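Structure first, then comments.
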Amino acid sequence: MKRIVLITTSVLCALHFIPLYAQTKGAYVGLGLGDGSLGTPNHYAFTSTLSGSHTQEGFSGRVFGGVNINPCLGLEIGYSIYAQSQYRGTTTTSSSTITYNAHTYDAVAKAYLPIGRSGFQLYGILGAARVAETVNYQNGGVPLNGTIATPNNGTSHSYKTRPLYGIGTGYEFGPHITMRGEYTLISRLGDFKNSATAIPFMNLITANLVYHFG
């Protein structure tokens, strides 16, 4: 797979339409802020509630660093924090919650395709993420409906490696500064009805500021 990616991007760079504005080579660091979500099942987890809620997205972010090996291929590592997902059930006398928190460490390859001589580029993202997930069940006496498994001791921890995919677009303002917009998806693993350590789909949309050292 690595050989195929390298050959493909090298061929693209050799084509006549690849512009002078190809991606800056060398090392870089960056920060991305935006909206992230944990794709937990979209229904209430509690029964006999006066009120119930399910939240699963919000403010999220990623810090990263990498190196562009050539104008069309880069390697990158990053750390992301996702907004928590929470189920809540409330009666007149009690309240219960199930809360999912997750952060990831990832390593990805990026294949860039510059757009003419505009300074814009499109790129694809492919790699893997190490997901660290914590599930906390606060049992306040509201019955569960059996659709979400919970940890017996109140809290469970799960560590899984999952595929990561994404797309992005960027614009180079000069030799050192690039603005990017990215969308990434981490694949789910497991059945939430039967496992308290199932990993949800993880979506992240960010606006990124990148500084190139080259």
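Projected label points at Tyr79 and Leu122, each 7 Å from Cα along the beta carbon direction, are separated by 3.4 nanometres. With Cβ to Cβ distances under 14 Å as the rule, what net charge do the other residues near Gln84 carry (K, R +1; D, E -1)? Here the count lands on -2.
Modelled label positions at His43 and Lys193, each set 7 Å beyond Cα in the direction of Cβ, lie 0.8 nm from each other. Within the same chain, aspartates and glutamates fewer than 8 places from Lys160 are excluded, and of the rest, those with a Cα less than 19 Å from its Cα are Asp106, Glu133, Asp191. Were the residues from Thr147 through Glu57 laid out at 0.36 nm apart, the gain over their Cα-Cα distance would be 30.4 nm.
Across the chain, counting alpha-carbon atoms alone, Rg and Dmax equal 20.8, 71 Å. Considering only trypsin sites (Lys or Arg not before Pro) in DSSP loops that have at most 13 other Cβ atoms within 10 Å, the longest stretch of the chain without any of them is 1-116.
For the chain, the relative contact order works out to 23 percent when only alpha carbon pairs closer than 8 Å and six or more residues apart are counted. At full extension, Asn101 and Ala132 could sit 10.3 nm farther apart than now, given 0.36 nm per residue minus the alpha carbon distance. May I ask for the percentage of alpha-carbon pairs in region 98-181 that lie more than 23 Å from each other? More than 23 Å apart: 50 percent of the Cα pairs in region 98-181. Restricting the chymotrypsin sites (Phe, Trp or Tyr not before Pro) of region 168-213 to loop positions (DSSP other than H, G, I, E, B) with no more than 14 neighbouring Cβ atoms within 10 Å leaves Phe173, Phe213.
Taking Cα atoms only, the orientation of helix 2-14 departs from the longest principal axis of the chain by about 40 degrees.
Coordinate-derived values only; no laboratory data. Everything quoted here is computed from the prediction, not taken from an experiment. For neighbour counting, all protein chains shown are included, and Cβ atoms are generated from backbone atoms with ideal geometry for every residue, glycine included.
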